[in-house]
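**Q** Below is the structure I would like to discuss, written out as structure tokens.
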Amino acid sequence: RAEQYEKALGEYNINVRARNFLVFQGDVADVAAKSPKELTAMIERLSGSDALKEDYDEAVEAKRAAEELTLFHYQKKKSLQSEQKVLRMQRDEASKFEQLDG
């Protein structure tokens, strides 16, 4: 893994094995001129995290689906609790009516 990282840095003429490695003139300016999106892509490529993008996207989608399902069940639970409360009130009212009638 570290070798891959060093190789990727080597593609940008960065030798991390040297004690005081050199960054060639213009390389810093080239990196500084990149847009945030290009910088992110470059860092992801150098770190190797771009290889995990598909797994990450799948995990994000699974998380979204789980959150949606959780929200659905929470709303259903609230609805059932509300219905249960109404039924209890109706039961209590019927019980009072039977006591008065009986």
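The values are calculated or read from the model by the stated rules, or taken from the named source; none is laboratory data. Not measured: the values here are computed from a predicted model. Accessible surface is based on the protein model in full, side chains and every heavy atom, while ligands, DNA and RNA are left aside. Shrake-Rupley method; radii C 1.70, N 1.55, O 1.52, S 1.80 Å.
**Q** Restricting the search to region 16-37, which residues are within 24 Å of residue 2 (Cα to Cα) and at pLDDT 80 or above?
**A** Listed by number, the residues that qualify are 27, 28, 31.
**Q** Of all residues in region 38-60, count the ones that are among the charged types (D, E, K, R), open to solvent by less than 100 Å² (accessible area, probe 1.4 Å) and at pLDDT below 85.
**A** 1
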